[in-house]
Each structure stands twice: as structure tokens, then as C-alpha cells.
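Below is one structure, written out as C-alpha cells; the observations come after it.
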Amino acid sequence: MNRSIHLLLNHRPITIAPVPATRSLLSWLREQQGLTGTKEGCAEGDCGACTIVVGELIGPERRLRLRSVNACIQFVPALDGKAVFTVEYLREQAGGTLHPVQQAMVDCHGSQCGFCTPGFVMSLWSLYNEQRDNQRPGETRPDPAKISSALTGNLCRCTGYRPIIDAAQRMFDLPAVDLDRDRLRQALLALQHPDALEQVHDGVGFHAPRSVESLLALRAAKPAATILAGCTDIGLWVNKQFRPLSDLIHLDRVEALKTIVTGPDHIRIGAAVSLTDAYAALTLHYPALAELWERFASPPVRNAGTLGGNIANGSPIGDSMPALIALGARIELLSQSGRRSLPLETFYLGYMQKDLATDEILGYIDVPLPDPAVRFRTYKLSKRFDSDISAVCAAFAITLDGQTIRSARIAFGGMAATPARAPLTEAALTGQPWDEHTLAAGQQALDRDYSPLTDMRASAAYRRRTAGNLLHRFYLETRVNDPLPADAVNIHAAASTAS
Amino acid sequence: MKTVSSSQPASTSPASTSPDDSRQDSPLPVDTESPSLRSSAPPSDGASVPHESAHLHVSGEATYVDDLREFAGTVHVALGLSERDHARIEAIDLTEVLASPGVIGVLQASDIPGANDCGPIVHDDPILAESEVQYVGQPIFAVIAERYDQARRAARKARIDYADLPAILTAREARDAGSFVIPPMRLTRGDPAAGLAAAPNRLRGEWTVGGQEHFYLEGQVSYALPREDGCIQLWCSTQHPTEMQHVVAHALKLRANQVVVEMRRMGGGFGGKESQSALFACVTSIAAWKFRRPVKLRLDRDDDMMITGKRHDFHYDYDVGFDDDGRILASRIAMTSRAGFSADLSGPVATRALCHFDNAYYLPDVDIVSQCGRTNTQSNTAFRGFGGPQGAIAIEYLIDDIARTLGKDPLDVRKLNFYGTSERNLTPYGQVVEDNVIHELVAELETSSDYRARRMGLADFNATSPVLKKGLALTPVKFGISFNMVHFNQAGALVHIYTDGSILVNHGGTEMGQGLNTKVAQVVANTLGVDIRHVRATAADTSKVANTSATAASTGADLNGKAAEDAALRIRARLAAFALQSLGSAGGTTDKGSPDRDSAPGDAIEAVEFANEKIRVGPREISFTELVRQAYEARVQLWSDGFYATPKLHWDRNTLTGRPFFYFAYGAAVSEVLVDTLTGEWRLLRADLLHDAGNPINPAIDIGQIEGGFIQGMGWLTMEELWWNAQGKLMTHAPSTYKIPAVHDCPPVFNTRLYRNANREDTIMRSKAVGEPPLLLAFSTFFAIRDAVASVGDGRTAPPLCPPATPEAILDAIEAVRAHPA
């Protein structure tokens, strides 16, 4: 079975005969469609010059959702059934004149060399549409923090960002141009194909099953296949490493894996849930995750990438795992022969090695709901605030019984070949009063828990030292007597308080 | 002194404002460059019109080289790179490369018909390595394939046998080994040895400053088309089309008139496309010549960062003597840059570093050595500031050290050492500082930024905050404008007026986002008294204006603006003479032949007014378009060339003295930072910038350059870390590992203002160059971090902190200060 790909390109339906499974959306836009407004700056989802907006229908009620993504790390078949908007659409939408987003950028001198500009425009367009669609009464624009957050995935080397931030304010002062969401939704509904996408090109298949059963059958039948979720890492395998891939099995259309269910004692997150949605759910319960969420890659990467992908990929520097491990998250693996649940930390056997059979897939992540006795914090250290990979990512969760630590769960990323708990430190803390003496014992134990490496992000010495110092920060924030507020110990909290 | 704030929407007035209004009632100085013609030198600002391409940028319609519609049969190139830092090539086996899907052929050094060299000054820069590789990333061969990704995949399939040779990786190693790409330079004034010996206080040591990747968002790209008679047409993202023309001609054994290079716009340059676009221009042209196909080479980001040179990192040995107030009495510095494997532009970079070690300070007895270490790394090159920042930050570090040693506010020590206006005003290289405004400028910023009160508040904060500490610094900038090499200071332009009154200007400069085309179009519009919407600037093109200089050294608008003005003034004189005839004789057009501007009385020609799209002779006026139409029919030449050569310059390369700079640009900045003493993380809380752009041609564009330069400089000094492993391989070769500032690095409080200071020299509209100098404003951020680090000590300990001030470097410095015996 080999069917065509159907998508909306700038609101026009397009049918695409089978393409290579890993054909990048960016090269297809530029080379096949002549839409050269979308630029390649890095081909790894870090610069945002290729930012586009994807619209899709969500959930059983087929709700329309529009989000920014990086075209350089999207494969064309993954866009089946979706709407792709490039910068070229905006003038069309505005009837030939500049869209308010574009006019504001001109008015505020937001472009210099102009190469990053289409990407910024699309991130701003995404913000603009979201704001116009969800505007509360009396509200005319998002708050400044939201504006900056919307732009963390776009690099500009010329302006220093100030005029672009100004443009993001000014665009709401100009006569509005609203997207006809009903029309777009109808067009997307009309586009939907009754059958799951199955295409084969040059002997390589792209499969987008729509049920868990067919997914597991495919997984069992194709042990060499690669599971594709958001494409934010596999895109790099192709663009940068030229890694030969056989069949791709795409999780994105398996509705059951795109749900978030809050139960009596835990939140269950499907493996195909985007990082954006997963963190939105988690931060409702764990506000301490907010800074990590803000700094986890960028909106286009979080919109495409999945929490399940971050976990299943198993990189030692994946930012979601230390916090989830500290919180006691479990994962559920699915196969045709059944399901098994295991603590997240036991999933990781060694560098990029996982306790995952060839016929299994990661199905769900179960995160316990907060326990009021647990003090939880997670901290990330990197050279840059936005969209950087951690040198050290720490997560601490202790259960206090009066002054005494009843139990401790501590996990780090960047300190070992996998995300890993700190058993010696946990032991040093457990049963002890949460005081400076215990802190010092914990810091000594931490030094023995890990043997970090030196690389371009930090030296082993820095990693060791700051691991202990982050425990110190955690102590200052959570000690029983005179705990310090976040903005007294964390510059990022202080900077957001200041602004 | 009048200032304008960036917080005012600079765009509110622009297009509707006639940029010419102010010229009417001003006494116009005579332009000595264009005898008998008046130069435009309005006393008020130019207009903040948007960038000429802004509407194209935002709509994705601005075309860069890779966006050009491809010719049928276009093929693509990828480069095969060295995996060793220094090795003899024993064997190259390209069998698998040639067998890869889509591959048409390969190029090796032996395929180059002419010179295998693309070095801009010294001929030590092979296009493709021959028998030896000199850094990890050096191109060895090129593979040509039908498609881009086919070429890239094939390039990885080469089998190359190497025999390793000893490698030198750092500037310090090069200094110790005496390994230099050009002979060291030395400039001495007075008797520094005696001065140092006699000084009551002395500081000696070593210091380093890191390099910087340009990270232009558009990577290097060239597209070559073979044309008739062996000619090559080249589209290249380059700051220097003429040099691309030359290196391609040399490589192909062609005459210059057989190569045409066109450059509409770059997606950023920052110096990285001044000389280093050459290798790619050559490879595409050679491939186009060999395979008779249109050939495109667009570098993947990782390849770009592995192949191309960056800002030079520097190593310093210093020795400074000073009195108890902090006044510098004598100083000695030896600066060694990491030049990389070839000379490239390292020599001129070293010269500019030498000429900027003084920054804004008078250095009585001084000894400056500037040398370029040959290392087995990428060949470092021009980068915004061109050695100036590396020279100037060294003296700032010394002054900061002096102040901390003496327990003084570094600002006071800075002020004590400023150049004087009538004395203490001679630079080490013999140029008198004639236009010094640093005292007034810094005083104004000190007040407007509330420096002193904030200094007190900071001390209170730090006394009560156990983990987070604040730091504050005010640093000055003085930056010399002109190419050190006198003969580069020339430019040409062509202005065409068409019979419908529309105007086209072409000049020798290149547009890389800095707004050069906008400023040049404004100059032409001002000169002819029309709105800028009538003026279009076109792609730089070596077949239009010949023998252009690089768009570099901040001189783009100074040189090309003057050249375009010259061209426009020549046409204006002809139109004025014609208007005198036609309007002066009751408006009738008679065919008297082309009026000769020299035949009309100069006073009468000057009395003809060009403003508001009208030409006025006494009481009579005529629209610009109508006059143009009539002038055409009267056979008046409506187009002209223009030329400019910067006056007053001289430079002796042997003695390193002269007047290398037409004038200086000034500025100062205050940064306030917050540092985490547990992790070394930091955030910039507030920045106040005050910068001298002369009389601005376009205030909004200038503010864009100032803020952008500041943030870029801040990146250089803090988060941007180039990291080579022990095998000499650069490991930070993509934005995933090399971090340039992002949106949250823009400070929440960011006040940028122009310091109004009409240029005392006769520059275009009395403006000042603004491309590079603001980058140095970021020194304030680095020294604010150092100030915060110092707060954990006894008040007299100077933190040992070298840029880039990464969290790790900052934490190291904090621990060093804490460990320092009180």
C-alpha cells in the first residue's frame, strides 16, 4: 500500500507522490516549491531561520491548533494531513500588503541583514495568532515575558533583539488581520485521508499507524525500523550524520499516545505528547519545573519534540529525565506480548543503551502527583539561558518529616553516561536533619556518586563543584529555618523578578 | 549635547519626512573634494527611514545567493576536509567518492589551472591542500554532484592516509616556539624600560582573550556560471567582490575583465566574508570551468565553522607602571594572536590591535609588540573591530587591575588616564587626537546612567545578598576610522537618473545588513532634493564600479556615501546649469547642446535649489521629473560616476607611525550584572550606551548598529567559547555547541542614545562610521562581571578572569578571589 501525502501548503491543498522518508521539509519547500523565504541557518533546529507554522487537528473533537516548528528537522511525510504555513503566506493573508507582524518589524527596524527575519516573523505570527485567538477581555497583548519566550528559538546576529521585542509589542497596535480558523479547520477536515499513511520510496517505508495495535504490529514486524516522534533528534541524524535509516514508524497519528490523563495519584503522559503540552501539564502541578521548561530547547523544538522522545532517546544530557527521576516517574513499555512498567532510572543501562526490546515501544510516562511533604527543585547550568544543552542538570526531591529528611531522590544529567540517581548522596541525606552538616555530607557523597567528563560544555572539575553547589542552593531554598526565596539564590529568578 | 533615545519609535516620521528640509537654511561648507560644488552637510539628523530591503526581509522576498533561481544543469559542491591538525598527505583515495550516487567528478589541487592560492596578502593560503594539511577542517578536495546532499554524503567517503607532523595549537605555544605568519611588529615611544623601573607601582602578568565565530546567519555561498570566451559570472556572498574577482582570475589564469562578481546582499558578514569567501568563490569557479556547468557551493553550518577563520584570540604579556593615583607612567605589552595556519588578514589585524592598545588613554612611555602566531587551526580573519577590540580590552584590563590594586573605583582611574584635548593627546603611533570628546561623553553617561548612586546601591545589595552579587562598570571607546592601508581608502559610484525621474545608484560597497545601501540612497536623495522612494540601490557588481575596496573597517558609508554624493553632485550641477538656461529664459527649452557645468557661473549654479522634488531658480520652479525629461531632450548627461579618496591619511608601515585614521569615533557604556557565586552564572540586568555617530545619516540604523554591536561584543566576552580538543579539532562547530546571544540576553533595561557630535572632518553629512566601534561598548559587561566577582574578596583583589567569562570561568575567578589571602 502506497498512498500520496496530502497537506495544505499556505492554505492550498497539495498532493505529493511518495518522497524519500527523510526528505526534509525545508529542502522540499525551497527546492520543489520555490518558497525560498524559509532559510537554512544551521540544519539542526538551533537558529530558527527555517521557522514555519504547522496547523493540525487535535483530539477527537478535531480542534485546530497552530504551532511553530523548524522546517529543517521535519520530514515531509510527517506533515501528511497538516497545514504548512511559510512566510510567503502572510502577505497573501493580509490581501497583498504587509501583515501587522511584518509591518511592525519594518516600523521598529527589526531586520538588518534579513536572513533570520522570516523565521522571527513566523514565530511572531504564531504568537500573534495565539494571542488573537485566546485574548482575554481587556487584554491587548501578551506580557513581555511571554514575548521573549516566544522568540527563544530564533537567533539574530545583527540587532541584539531589542527592536524585534519592540515589534512584538507594536504588532498588536496595528489594524488586526485575523486568521479564518473555521475555514482552515474545514480545509484540514477535507484533507484527512481515511487510511493511515503508508509510503515506500527506494525501498524505505514511512508508516504512520493510527492505533496502538497497528503500531505494535509494525514494531514487531520491523525490528530494524526507527520510531519517529517529533523528529527533533532524528532530523539531525540525517542532516548531520548521514546515518542510513531504514523504515520509519511515526507515532504522531496514534491518538492514544497523544493524551494526557490525570489520575488520582499520577499524571499519565502519552509518548507522542509534545514537550509543550507535557510541560504545560506538569508545571500545573510542579511550578518548580517552570524555569527548566522555559530553557528546554525552544518553542519550535518543544512543539515538535515529545517528552517520550526525550526519554526514549536516552541522551545523558536530556533535560527532562533528572527531574522525572527525582519525582519518581515510571514508564510503561508496550509490545504485542503485553506491557511492563518500570522506574525511569532503570530504563538506562549504559551510554545510549536502554532496557527496551526490539518489539517494544515506550508508551506512557507516569509522573506522581505532588506530595506536600516533598521539597522539589530542578536546576540547569549552561553557558546561555536560552536553548542551550546542560553542562549540569540537577533535580532534588526530599521528603521532610519535621526537620528530618525521611527520603531523598536526587538525579543528575551531564554527570554520567546516562541520566542517573545519586545513591550515595541520597543515603547521606536520608534520616538526617536538613542542616549544614548534612549538606556538607551530601556534597562529599555527590563527589563520589559521579565521575563526570570534560567536554566543550564544561570541565569535569566544574561539573563536580557545581553539583555540590547546586545541592547547596537546594538547601538554601528548602531548609526548614529561614529558607531563601528563589530570587535570592537563582539569578534567573532574580532577573525575571527585576524585569 | 542633544541625544535621541532608542525607546522612541525611530520609525514614526521616516518616509513622510523630506530628508532635505533642513538644508535650506544652513550655511554649507565647501567640499574641497568637488571643486565648485557644494557638499550636503545638514546640521540636523538624517531621517530614520527603514532599511531599503526591510519590506523584502519580512516577507521572505529578499533574495540571497542560495535563493536565486537556479540555471538548468546546476550542480553542487561539497568539500572533503582534513581530519588532522598537521600532517603530510600520504595518499588520497577518492574511488568511493566518485562511485557515490549523483557524483559528476572531483577537484583536487592538481586540477587548478592557475595559482592554488586565495590568500589576500601573503600567498600562503591554498584553495585545496596539496601535500600537507595544516588544520582539522582544511579542504583537501571538492566533490561535484547533481544534488547538494549527494555531494555532502560523497565527500565523507574519501580515504586519506596521513603521516602526522608536530602541531602548534595556541597563541602561547606559537609565541614560545617563535612561530609567526609574518614578522612581529614593535612600536616604542619614550623610554618604557626606565619608566617602568622608576614607577612606584607595577603590575606584571599574562592574560588571554578568546576568539569568536562570526555566525553570520547565512553561511558561505558561491554560485558560478561559465560564460562565453572563458568568462565566469559569480554570485558570491562576500564583502569584497573585487578580491573575489582577482582570486578567481588568478586560479583560472584569466584576466580580471573575464570575471564578473555580483553581490546583492549578504545574510550577515561581520568580517567573515571579507577574505574568507575566496576559497569558495575559487572552488565553484574552477568547478564551473572544468565541468562547464553552473556550480553552487553552499556550506553546511558545521563545515563553515570547521573551515573558516574567526576573530583572533589573543595572548598578552604585560608590564605596567603607575603612580599612587593610578596614572599610567609606563607600559609594555606583547600581544600574540592565534593567526591560524596562514597569514590571511592577521597582519592588518595585528596593526589595528597595536593602534588600539591605547583606547582612550594617554600612554607616555610605551612599548607595544604585536605578533601573529602561526598555529595549526583555522586561519583567523577579520571580525568587526579587526584587532581593535583585542588591543583596547588589554589596556582596560590593566586599568581595572590598577584600580582594584589601589582600592579605587575603576571609573576614576579611567578618567585620570583619558587623552587630553590640548596636551597628552599624541597617540603612540604619532597621530594627534584632535577630536577628543571622551571627557564630555563619559560625564554625560555617568550622570544619565546614575552611575555613582548605583555604585553605592550595589555595595549595599552585595553586603546583604549571600549568593548573588551585583557588579557595575563604565568603559569608554575610542576607535580609529579608516583602513590603516592608505590606498584602500577610496571608492567609486554610479548614479543614473532615468527619464521618468527614477534614480539608480550603484557603488563599490556591499550590503550585509548594516544599512549601507539605505544610507547611500539617502545621500543621493538628499543631494538631488527628492524623496528616497525614487532612489534604488543595486547589487555591487565588479562590471559597474571597478577596483572596489572591501566593505570593512566601518568605512562603507564614509567612502561610498561620498562617492555617490560626488556622482549626484555632478549631475545636479548639470541639471542646475540646464535649469538656469531653461527657467532663466522663461522656461522655454531650447536645444543648446549639453550644458557644461564649468561654463555656468559657479555662484549661479549654487543658487539653484533642489528640494522637495522641485528645482527652484529664483522665483521659478519646476518639478524634478519634468526637469529631467526636458534635460534629456536637451541632451544633458543624466548619469555620472563619482569618486572619493579619504584625505589627510599617511602611514609608514616600517615605523608604524603616521595618521592612519581620518578621525575617531567615541562611545561609552555602563553595564550592571548579577552573578551567582555558587555556579558562576550571570545575567545582564541593565545597559546604558552612549555613542558618537557624528551627525547621523540615519539614527535608527545607527542605533541598530550600536545595540547589535554591543550584544555581539557581549557574546564574544561571555558565552561564546571556541573549544578545541587535544587533537586540534574544533568541537564547538554548530549553534548547538557554540552559543551566541539569544533573546533573554538582551537586557531588560536597555538605554541606547546617540551622542550628537557633528564630525569635525568633512565626512558624508558630517556623520561618523558606526559599524565596529560599538562592539567595544561590551567591555562594560565583562568588567561588570569582574566587579561582581571582586565583591567576594577583600576589595583589593583583582579577579583573574579571562574572556570568555563563561559560568565556569567566573566560578574559577570567584574561588580564586576567595582563596586570596586577605
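What follows draws every value from the coordinates through simple rules; no lab data is involved. Since this is a predicted model, take the numbers as computed values, not measurements. Using ideal geometry, Cβ is built from the backbone for each residue, glycine included, and neighbour counts are taken over all protein chains shown.
Taking a straight Cα-Cα cut-off under 17 Å and skipping sequence neighbours fewer than 8 places away in the same chain, the aspartates and glutamates within cross-link reach of residue A:222 are A:198, A:202, A:213, A:247, A:359, A:360.
Taking the average, over residues, of other Cβ atoms within 10 Å as the packing measure, peptides A:10-20, A:218-228, A:309-319 rank A:309-319, A:218-228, A:10-20 from highest down.
Each 5 Å bin from zero up to the one holding the largest Cα-Cα distance in the stretch B:678-822 carries the following percent of pairs: 2, 9, 16, 16, 15, 14, 11, 8, 6, 3, 1, 0. Residue B:408: which lysines have alpha carbons under 22 Å from its alpha carbon, excluding same-chain residues fewer than 8 sequence positions away? Answer for residue B:408, where 22 Å is the Cα cut-off: B:469, B:470, listed by chain and number.
In terms of the Cα gyration tensor, with a ≥ b ≥ c the square roots of its eigenvalues, is the stretch A:122-271 rounded because a/c is under 1.5, prolate because a/b exceeds b/c, or oblate? Prolate shape, in that a/c is at least 1.5 and a/b is the bigger ratio.
Rounded to the nearest 10 degrees, the inclination of helix A:436-449 to the longest alpha-carbon principal axis of chain A is 60 degrees. Per-residue 3J(HN,Hα) values for the stretch A:50-60, derived from phi via the Karplus relation 6.51 cos²θ - 1.76 cosθ + 1.60 with θ = phi - 60°, read 9, 4, 10, 10, 10, x, 8, 9, 10, x, x Hz in sequence order (x marks Gly and Pro). Across the stretch B:507-515, computed HN-Hα scalar couplings (Karplus, 6.51 cos²θ - 1.76 cosθ + 1.60, θ = phi - 60°) run 9, x, x, 10, 8, 10, x, 6, x Hz from first to last residue, x flagging Gly and Pro. Relative intensity of the stretch B:748-792 on a log10 scale, I(q)/I(0) at q = 0.28, 0.34 Å⁻¹, equals -1.07, -1.16, per a Debye sum over C-alpha point scatterers of equal strength in the absence of solvent.
Computing FRET efficiency as 1/(1 + (r/R0)^6) for residue B:422 and residue B:621, where r is the C-beta to C-beta distance and R0 is 45 Å, gives about 0.40. Evaluated with a Cβ-only charge set (Lys, Arg +1; Asp, Glu -1), the protein assembly as shown carries a dipole of roughly 1200 debye about its Cα centre, given to the nearest 20. For residue B:544, the aspartates and glutamates whose Cα falls under 12 Å of its own Cα, not counting residues fewer than eight places away in the same chain, are B:262, B:641. Take the Cα pairs of the protein assembly as shown, get the Kirkwood Rh, then feed it into Stokes-Einstein at 4 °C and 1.567 mPa s and tell me D in µm²/s. It diffuses with D of about 40 µm²/s by this estimate.
Computed from the alpha carbon positions, the gyration tensor of the stretch B:373-421 leads to an equivalent ellipsoid with semi-axes of 31, 14, 7 Å, biggest first.
Based on DSSP loop calls and a cut-off of at most 13 other Cβ atoms within 10 Å, the longest stretch of chain A free of exposed GluC sites (Glu not before Pro) is what?
A:140-499
Taking every residue in B:728-741 and counting other chain Cβ atoms within 10 Å of its Cβ, the average works out to 5. Residue B:416 sits among other residues whose Cβ lies under 10 Å from its own Cβ, and their net charge, with Lys and Arg +1 and Asp and Glu -1, is +1. Rounded, prolate or oblate: which one fits the stretch A:458-499, using the alpha carbon gyration tensor with axes a ≥ b ≥ c (rounded when a/c is under 1.5, else prolate when a/b beats b/c, else oblate)? It is oblate, given that a/c is not under 1.5 and a/b is not larger than b/c. Beyond 29 Å between alpha-carbons counts as too far, so tell me which of A:258/A:380; A:146/B:739; A:39/A:82; A:82/A:354 fall in that bin. Listed pairs above 29 Å: A:82/A:354.
A cut-off of 5 Å between modelled amide H atoms, ignoring neighbours fewer than 5 places along the same chain, links residue A:267 with A:367, A:369. Within 10 Å of the Cβ of each residue in B:671-678, the mean number of Cβ atoms contributed by other protein chains is 4. Shape class for the stretch A:282-355, computed from the alpha carbon gyration tensor (a ≥ b ≥ c): prolate, with a/c not under 1.5 and a/b above b/c.
For the stretch A:217-317, the mean projected area of the C-alpha convex hull, equal to one quarter of the hull surface, is 7.7 nm².
Report the antiparallel proportion of the DSSP beta bridges in the protein assembly as shown as a percent, rounded to a multiple of 5.
Of all bridge pairs located within the protein assembly as shown, approximately 85 percent are antiparallel.
With neighbour counts taken as other beta-carbon atoms within 10 Å, the residues A:36, A:306, B:518 rank, fewest first, as A:36, B:518, A:306. Based on the reciprocal of the average 1/r between different C-alpha atoms, the Kirkwood radius for the stretch A:120-176 equals 11.7 Å. Label sites at residue B:292 and residue B:603, each approximated as a point 7 angstrom past Cα along Cα to Cβ, lie 6.9 nm apart.
Take the Cα of residue B:197, step 7 Å toward its Cβ, do the same at residue A:284, and the gap between the two points is 8.0 nm. Between residue B:498 and residue A:262, the simple spin-label model (points 7 angstrom out along Cα→Cβ) gives 6.4 nm. Structure note, pairs B:253/B:310; B:310/B:729; B:253/B:290: Cα-Cα distances above 19 angstrom occur for B:253/B:310.
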